[in-house]
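Input: a single structure, listed below in structure tokens.
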Amino acid sequence: MLVKAITGFQDILPDRAARFARLEKTARDVFARYAYREIRVPEMEYTELFARGIGQTTDIVEKEMFTLQDSKGRAMSLRPEGTAGVVRAFIENGLATQDPQARLFYMGAMFRHEKPQKGRFRQFHQIGAEAFGSEDALLDAEVIAMLMDILREADVPGLRLEINSIGDDDSRGRFRKALVEYFEKHRDRLCKDCLRRLDTNPMRLLDCKVESCIGIVRSAPTILPFLNDDCAAHFDSVQNYLRAFGVEFFVNERIVRGLDYYTRTAFEVTTDRLGAQNAVAGGGRYDGLVESLGGPKVPGIGFAIGMERVVELMAERDEDAAQTASIMLVPMDENARRVCVRLAAAIRARGASCLVGVDGRSVKAQMKKADRAGARFALVIGEKELEEKRVDVKDMGENRLAPDGITPEDLAEMFAGAMAESGSAS
RNA sequence: GUGGGCGUAGCUCAGCUGGUUAGAGCGCCAGGUUGUGGCCCUGGAGGUCGAGGGUUCGAAGCCCUUCGCUCACCCCA
């Protein structure tokens with residue numbers, strides 16, 4: 001019986017891996033332009049970090065973490081998101097004082113024990129960014145602009161950016177209270193999920209898709225009027241800077257994030273092409289997180305991109321094609337194989353890719369391989385070539401991997417060199 | 001965790017109300033072309049029909065159980 005992959009964990013085969021790599025490269029390019037530097041943090045942390053950071057009563061912490069115990073009985077969890085670990089590292093390594101305005105990015109695997117469906121896996125990958133040390137609305141707008149740059153340059157079509165402000169503790173506290181009061185009055189008409197939410201996370205009611213609830217939600221209080229002057233001015237300012245950055249957005253007062261650490265600016269990028277899991281990126285400001293994890297009072301803002309969801313949407317590009325070698329060497333016997341090995345080394349030393357046929361297969365089979373590999377040139381090397389000390393370089397045609405800077409004449413010359421070397425070695 | 005749909009070759013899928021050696025296309029391998037790819041033709045390898053049990057003279061097809069995948073709820077990237 002074949003041992004299969006764990007439910008919700010998937011293999012990313014070469015064709016799709018090429019897209020992942022392209023997305024990563026695009027992100028790295030954009031991050032560099034915004035002066036962000038990479039940070040790599042562990043994929044497992046003490047469970048307590050996530051409980052304190054993300055929030056004890058969030059779904060993620062309550063029921064979605066992969067948790068195990070070390071030999072001393074201390075609980076550790078595979079990271080369900082990236083921010084908590086980055087903030088921990090930020091504090092623990094003294095960046096909070098040495099480089100309080102650090103701008104960091106990360107990419108890697110996250111783990112949540114949810115039931116898999118389209119666009120949702122138990123191991124998935126995120127690209128994220130965190131900017132510390134400033135409450136300036138300019139930074140909020142810049143972080144969002146950077147996110148949109150990545151998605152645009154990755155060729156992701158049909159996106160919608162929605163932003164909201166969920167206020168600070170003070171504003172949100174008053175809003176939450178008003179919300180509970182309002183929904184209590186309509187208690188008898190709420191779905192049972194909403195009744196539960198009323199106790200655990202009242203703001204989530206705003207998100208309910210049950211028809212009877214939608215009606216009630218429609219006339220529920222909204223967050224913006226509850227914002228205090230500071231938060232309202234900040235949100236205003238974020239919008240103005242976004243316009244200055246030329247980023248199109250929609251204000252959606254229903255955006256509620258599922259992680260407790262968010263404050264003020266919250267945003268989501270969605271698509272209508274992915275089914276139910278329509279969020280491709282999300283993020284927001286977390287001005288109290290560093291402090292609540294034991295660091296100094298340093299504000300922050302960040303986002304995370306769901307790589308699987310973005311890759312699903314990315315337009316195809318030629319560079320993703322399964323082309324692997326620009327030059328194919330086709331040896332016909334053992335002597336030719338030795339020459340080919342030397343020739344291959346010389347070609348690779350010049351920075352071009354090449355493939356040597358193995359298993360002594362027929363010339364036809366090896367040429368077929370050359371075709372599949374996308375090779376531009378093929379060299380068939382047998383008795384005749386070794387005797388005459390010359391080789392014909394076959395041009396496989398246009399639209400193939402170009403062997404940068406290596407011409408057929410170079411190859412012929414390199415062949416002679418490889419022969420001489422091989423001769424003197426024997 | 002709850003519900004719907006689906007499990008037949010590496011992939012995409014046929015397989016009539018249960019009936020003989022389970023098929024196709026793509027892919028892979030070989031040959032047609034004594035040493036040259038793509039197109040075409042021919043052939044080949046590859047399946048415990050997800051697993052276990054039951055009904056039956058006979059099960060890929062019916063029944064039960066179980067596992068897996070998938071979509072949706074929930075939640076989120």
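The values are calculated or read from the model by the stated rules, or taken from the named source; none is laboratory data. Computed from a predicted model, the values in this text were never measured in an experiment. So basically every Cβ, Gly included, is an ideal-geometry build from the backbone, and we count neighbours across all protein chains shown. The area values use the complete protein model at the heavy-atom level, side chains included, leaving out ligands, DNA and RNA. Shrake-Rupley method; radii C 1.70, N 1.55, O 1.52, S 1.80 Å.
Label point of A:THR200 set 7 angstrom out along Cα-Cβ; within segment A:206-244, amide nitrogens under 18 Å from it belong to A:206-210. Annotation for segment A:386-426 versus segment A:1-64: alpha-carbon center distance of 44 Å.
Once the Cα-Cα distance is subtracted from the 0.36 nm per residue extended length, the A:ALA402 to A:ASP272 segment shows a gain of 43.0 nm.
Once the Kirkwood radius over Cα pairs is known for segment A:223-355, the Stokes-Einstein relation at 20 °C and 1.002 mPa s delivers a diffusion coefficient of 106 µm²/s.
Protein heavy-atom surface of segment A:246-396, 1.4 angstrom probe: 45% of the accessible area is carbon and sulfur, with nucleic acids and ligands not counted.
Full extension of the chain segment joining A:ASP230 with A:LYS368 gains 42.9 nm, where the gain is 0.36 nm per residue of separation less the Cα-Cα distance. Dividing the convex hull volume of the alpha-carbon atoms in chain A by its residue count gives 219 Å³ per residue. Placing a label point 7 Å from the Cα of A:VAL341 along the Cα-to-Cβ line, the residues of segment A:390-422 whose backbone N sits under 12 Å from it are A:422.
Expressed as an acute angle from 0 to 90° and rounded to the nearest 10, what is the orientation of the C-alpha long axis of helix A:334-349 relative to the principal long axis of chain A? Between the helix axis and the principal axis of chain A, the angle is about 50 degrees. For an R0 of 35 angstrom, estimate the FRET efficiency from the Cβ-Cβ distance between A:ARG350 and A:ASP11 and round to the nearest 0.05. Computed FRET efficiency for A:ARG350 and A:ASP11 comes out at 0.55. With the highest mean first, a sort of the peptides A:135-144, A:258-267, A:356-365, A:410-419 on other beta-carbon atoms found within 10 angstrom per residue produces A:258-267, A:135-144, A:410-419, A:356-365. The sum of -39500 (n - 2.57) across all DSSP H runs of n ≥ 4, divided by the residue count of chain A, sets its helix-only mean residue ellipticity at 222 nm to -12500 deg cm²/dmol.
Evaluated with a Cβ-only charge set (Lys, Arg +1; Asp, Glu -1), segment A:65-162 carries a dipole of roughly 820 debye about its Cα centre, given to the nearest 20. Principal-axis analysis of the Cα atoms of chain A puts helix A:83-92 at an angle of about 90° to the longest axis. With a cut-off of 10 Å between beta carbons, the residues surrounding A:TYR262 carry a summed charge of +2, where Lys and Arg count +1 and Asp and Glu -1. Eigen-decomposition of the gyration tensor built on the alpha-carbon atoms of segment A:323-419 gives equivalent ellipsoid semi-axes of 18, 15, 11 angstrom, largest listed first. Around the amide H of A:SER165, modelled in the peptide plane, lie the amide H atoms of A:ALA266, all under 5 Å away and 5 or more residues distant in sequence or on another chain.
Two decimals is fine: what's Rg over Rh for segment A:365-426, C-alpha atoms, Kirkwood radius as Rh? Before the final figure, lay out each step's value.
Values: Rg = 12.8 Å, Rh = 12.7 Å.
In segment A:365-426, Rg relative to Rh is 1.01.
When each of the peptides A:92-103, A:306-317 is scored by the mean number of other C-beta atoms lying within 10 Å of its residues, the order from highest to lowest reads A:306-317, A:92-103. Of the three principal axes defined by the Cα atoms of segment A:30-158, the extents in descending order read 44, 41, 24 Å. Mind checking the angle between helix A:14-33 and chain A's longest principal axis? C-alpha axes, 0 to 90 degrees, to the nearest 10. Once rounded, one gets 60 degrees. Solvent-accessible area per residue in chain A equals 50 Å², computed with a 1.4 angstrom probe and all protein chains kept. Other residues within the sphere of radius under 12 Å centred on the Cβ of A:GLY108, judged by their own Cβ, net out at -2 (K and R +1, D and E -1).
Can you tell me which of A:403-409, A:47-53, A:156-162 comes out highest on packing, and rank the rest after it, using the mean Cβ neighbours within 10 Å?
Averaged packing, sorted descending, gives the order A:47-53, A:156-162, A:403-409.
Here each label is just a point 7 Å from Cα along the line to Cβ, and for A:ALA279 and A:GLU135 those points are 2.5 nm apart. Relative contact order, whole percent, for segment A:323-419 stands at 38, derived from Cα pairs under 8 Å and 6 or more residues apart.
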